1. How far is it, in nm, from the label point at VAL373 to the one at ARG156 when both lie 7 Å from their Cα along the line to the Cβ?
2. If the limit is 23 Å between Cα atoms, which of LYS23/LYS191; LYS298/LYS318; LYS18/LYS587 go over it?
3. Sequence-distant or interchain residues sharing an amide H contact under 5 Å with GLY351, placed H: which?
4. In region 293-364, if every C-alpha pair distance is counted and binned at 10 Å from zero, what percent goes to each bin?
5. Choose one of ASN152, ALA242, HIS192: the residue whose Cα lies farthest towards the positive end of the charge dipole of region 117-242 (beta-carbon charges +1 Lys, Arg; -1 Asp, Glu; about the Cα centre).
6. What residues from region 196-237 fall in the zone where the backbone N is under 17 Å from a label point 7 Å along the Cα-to-C-beta line of LEU496?
7. Tell me, what does the Kirkwood hydrodynamic radius of region 446-534 come to in angstroms if you use every pair of distinct C-alpha atoms?
8. Note down the nm distance, to one decimal, between modelled labels 7 Å out along Cα→Cβ at ASN361 and at THR217.
Amino acid sequence: MGETGKKVARWLGEFAGKLTRKKRISGDVMETPLQRCLGTWDLMLFGVGQMIGGGIYVLSGTVAKDNAGPAIVISLLIAGFVALLSSLCYAEFAARIPKTGSAYLFGYVTMGEFVGFVIAWQMVLENMIGAASVARAWGGYVDSMLDGAIRNSTLRTVGVVRVPLVGQIYPDFVAFAVCMVACIAVAIGVKHSARLNNVFTLVNLMVILFVIVFGFTLADSNNWTAYGFMPMGFAGVLRGAAICFFAFIGFDSIATAGEESIDPQRSIPIATLASMSIVTLSYVGVAAALTLMVPYFKINADAALPDAFAQHDLTWAKYLVAIGALSGMTTSLVGSVYALSRCCYAMACDGLLFEFFSRLNARTQVPLNAVIVFGTISAIFALLMELHVLVEFLSVGTLLAFTIVAASTIILHYQPKVDFISEEKNYGSITPTAEEAGMPPSTVAEEKQKMAGTLKPAFSYMTFLSKLRPGVAVVVGVVLMAIFTGAFCSTLVHGLGQLQRGTWWMVIMAIVFGIGLVLSFGLIIVHRQSDLNLSFQVPFVPFTPALSIFCNVVLMTNLTNMTWLRFFIWMVIGLLVYFGYGIRHSKENKILDYGTMMVVSGDDDALSLNGTIHRPQIDGMKSPGAGQPSPLPQ
């Protein structure tokens, strides 16, 4: 190889090393510059308040009228089941690593920096669009209570503007104002925000209970039978499920609050599962009551529930529901702004976003700059973009992030050691070892852990796999499984007509992709899992996270081409940020240079200089020896 070839190889090695370097967490992970003040009750209501907002009062009416009809109850059950699978993965990661960052942090420590950044960029989009969509729904509800007076006045004075990739828009100044008010609520401090959330969420739950109970007293079964329970077919149900998934995304905010939780290992799993159960039952109950009260084609998409009661001449119920709707949307809006600021804070602390966003207010311990800047951008989206555009735009990035988290869960269970935790004691994230707990060590457990990622004895004849480093084959299997899942689902969804007609080449494609999916999953299950005793872990790994990946991809393939085009533009912006700033300023920017060759550490995939590893300042805290070289971990 010539000198030029060596330089190119060296550059490619360095570049690949930067993309795949993993975040390492040192010191006591329970230590944080943020305020640990949230209990299980706070986290549960935080999750419920985040999920039961614009979705239950606005989205249910839109999906029932335009996509699924009365079968919206099936759409919600599908979306809730998919969200539950993802929430289990989130709960395990949050119990392992109670740090701000949620899915971003989980991807960073298991799959590397570039994957972590992609997840984080989707979380920024998720929470910005989530806040904007709820603010837009808030403004629409107020307008519906005033019989369209605000919209009509705006149209007369400003008019309608057609924007490429967005469509016709009219500015909603109420949505802009309420989004800025939510920023102020988050800026005053997390404990005050939690109290506000608890009050509004309890009011919201009482109104929802009223809607379900009283709505069923007005039910007419003909609304499910006379006009068809599934008028748009099962394809409409799947499209509805893909859109309804937006309603369940608030559970990841519970994981985002891990660094401000008093007892994250216990509180986060309980709060996640409890809030998911409450929200799913609430959504299904309200959707059933709504579609039984009025025919699906007579639903008012802008204010479905108040209008449904108004059609039964119950004006007083209309205003009672409006109180619950505004309470629910307020908590959801505050939760989105909160999660948005914490995600940007975590990225800035790691150097992937501008350092300006990592600064905390001395009095409130809140990343005030992140709240102001990104909250204002959310308010601008709310001002200019219609609700249906916001919701569709939101779903694709969220589903992608959930898919990566599920993949990371599988990978983590097949690693011989959890290498994102440093050798220093880390009480809090992972159950202490037997020695730390004052108990005799378990040789059997230690041996099982060392064997993780290796072939099971029954498959020892696969010598081509046994030569690989433990855990590598599982990573390959997960990547292939995700690729084949996407190809298989796309073939079924977009080529369904040709498959039904028996088009031979489409049938062969479906069979090939299906076989690839099965074989890639088989590549995972022939290896041994780790045997860590965690406070919470996903049941039935790898089946549960693999099913989560499959369901997420099915929903993604049901989104429109325009949604994917908007997503592509957002990703281009993110790549410019990462390669223009983040890759150079990353706190994990450790360069390994042995003479003329770049070497990647086999243990932790991190780059080092002359056999030393340079520890960054983590999450705004100075870890022992921060910024100073320390021996490379063995």
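Bear in mind that the values in this text are calculations on the coordinates, not laboratory data. These numbers were taken from a predicted model, which means no experiment stands behind them. Every residue, glycine as well, gets a Cβ built from its backbone with ideal geometry; the counts of neighbours run over all protein chains shown.
1. So the two model labels end up 4.1 nm from each other.
2. Beyond 23 Å: LYS23/LYS191.
3. For GLY351, the qualifying residues are LYS587.
4. Over region 293-364, the share of Cα pairs per 10 Å bin runs 18, 28, 18, 15, 17, 5 percent.
5. Final value for the positive-end residue is HIS192.
6. What the label zone holds, given the 17 Å backbone N cut-off, is 229-237.
7. Details: mean 1/r = 0.0677 Å⁻¹.
So the Kirkwood estimate lands at 14.8 Å.
8. 4.5 nm
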